[in-house]
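Chemist: Let me give you the structure first, and then I'll get to my questions.
The values are calculated or read from the model by the stated rules, or taken from the named source; none is laboratory data. Please read these numbers as outputs of a predicted model, since none were measured by experiment. Note that we place each Cβ from the backbone using ideal geometry, even for glycine, and neighbour counts take in every protein chain shown. The accessibility values were calculated without ligands, DNA or RNA, using every heavy atom of the protein model including side chains. Shrake-Rupley method; radii C 1.70, N 1.55, O 1.52, S 1.80 Å.
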Amino acid sequence: MTDRHASAHWEGDGKTGKGTITTQSGVLSDSPYGFNTRFENEPGTNPEELIAAAHAGCFTMALAFQLQSAGLKATSLDTKAVVTLVQDGGGFKVTKSALTLKAVIPGIDQAKFDELAGNAEKGCPISKLLNAEITLDKTLAQG
């Protein structure tokens, strides 16, 4: 088992308060977040961006392992995740994580690509964690 951790610190109310996020690895160290970084695109991070990064990274690595198991190796796998946050009554909820994959994989046909990408999307631990609609838009480029 592997445990990873991150922490958040907050001061003030929800709209004008400010927070910081720190990760175990130090990639984020007292990185600012708040209402402005979450809803108004101010510099800093936000929980949805971090979920999107985790989902894109997890899925892409899961696909690399799927390919390896099939005796294939990608030249490149580029994944974007867009996490959608919507108003829900008096609060908010994440309703979707949309993955978009652009891949260059020598020696693969479309059917095998679809199979392995689908397995990765369903099998990546972050996909399993999220209780939201998860979509995958994929393109296989020749190269």
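Chemist: Treating the angle as unsigned and between 0 and 90°, give the value, to the nearest 10°, between the Cα long axis of helix 47-69 and the longest Cα principal axis of the chain.
Modeler: 20 degrees
Chemist: Which value does Rg/Rh take for the stretch 57-110 over its C-alpha atoms, Rh per Kirkwood?
Modeler: Value, to two decimals: 1.20.
Chemist: Quick check: the angle from helix 110-123's long axis to the longest principal axis of the chain, C-alpha only, nearest 10 degrees?
Modeler: Helix 110-123 and the main axis of the chain meet at about 40 degrees.
Chemist: From the residues 101, 5, 65, which one has its Cα farthest along the dipole of the chain in the positive direction, the dipole being from +1 and -1 charges on Cβ of Lys/Arg and Asp/Glu about the Cα centre?
Modeler: Among 101, 5, 65, the one farthest towards the positive end of the dipole of the chain is 65.
Chemist: Using helices alone, what [θ] at 222 nm do you get for the chain, with -39,500 (n - 2.57) per DSSP H run of 4 or more residues, divided over all residues and rounded to the nearest 500?
Modeler: So the calculated ellipticity at 222 nm is -10000 deg cm²/dmol.
Chemist: How far is the Cα center of the stretch 1-48 from the Cα center of the stretch 100-143, in Å?
Modeler: 29 Å
Chemist: Next up: Tell me the carbon and sulfur percent of the accessible area for the stretch 1-44, rounded to whole percent, probe radius 1.4 Å.
Modeler: Answer for the stretch 1-44 is 50 percent, counting heavy atoms of protein chains only.
Chemist: For residue 25 and residue 82 in the same chain, what is the full-extension length gain: residue separation times 0.36 nm, less their Cα-Cα distance, in nm?
Modeler: So the chain would gain 18.2 nm between residue 25 and residue 82.
Chemist: Moving on. How much of the accessible area of the stretch 71-143, in percent, comes from carbon and sulfur atoms when a 1.4 Å probe is used?
Modeler: On the stretch 71-143, the fraction of accessible area on carbon and sulfur atoms equals 50 percent.
Chemist: So with the 1.4 Å probe, I'd like the accessible area per residue for the chain, rounded to whole Å².
Modeler: 63 Å²
Chemist: Another question, then. What is the stretch 14-143's relative contact order, in percent, from Cα pairs under 8 angstrom and six or more apart in sequence?
Modeler: Relative contact order of the stretch 14-143: 21 percent.
Chemist: While we're here: So if I place +1 on the C-beta of Lys and Arg and -1 on the C-beta of Asp and Glu, and nothing else carries charge, what would the dipole magnitude of the chain be about its Cα centre? I want it in debye, nearest 20.
Modeler: 280 debye
Chemist: Each label point is 7 Å from the Cα along the Cα-to-Cβ direction; what then is the distance between the points at residue 92 and residue 36, in nm?
Modeler: The modelled label-to-label distance comes out at 1.6 nm.
Chemist: Continuing with the same structure: Stokes-Einstein at 20 °C, 1.002 mPa s, Kirkwood radius from Cα pairs: D for the chain in µm² s⁻¹?
Modeler: 127 µm²/s
Chemist: Still on this structure: If you take every DSSP beta bridge whose two residues both sit in the chain, what share of them, in percent to the nearest 5, is antiparallel?
Modeler: 70 percent
Chemist: Mind checking which of 30, 13, 78 has the largest fluctuation in a GNM of the chain, springs on alpha carbons under 10 Å?
Modeler: 13
Chemist: If r is the Cβ-Cβ distance from residue 109 to residue 1 and R0 is 25 Å, what FRET efficiency results, to the nearest 0.05?
Modeler: Working from the Cβ atoms, E equals 0.10.
Chemist: Taking the stretch 19-124, which GluC sites (Glu not before Pro) meet the DSSP loop condition and have no more than 15 other C-beta atoms within 10 Å?
Modeler: Those that pass, being in a loop and sparsely packed, are 40.
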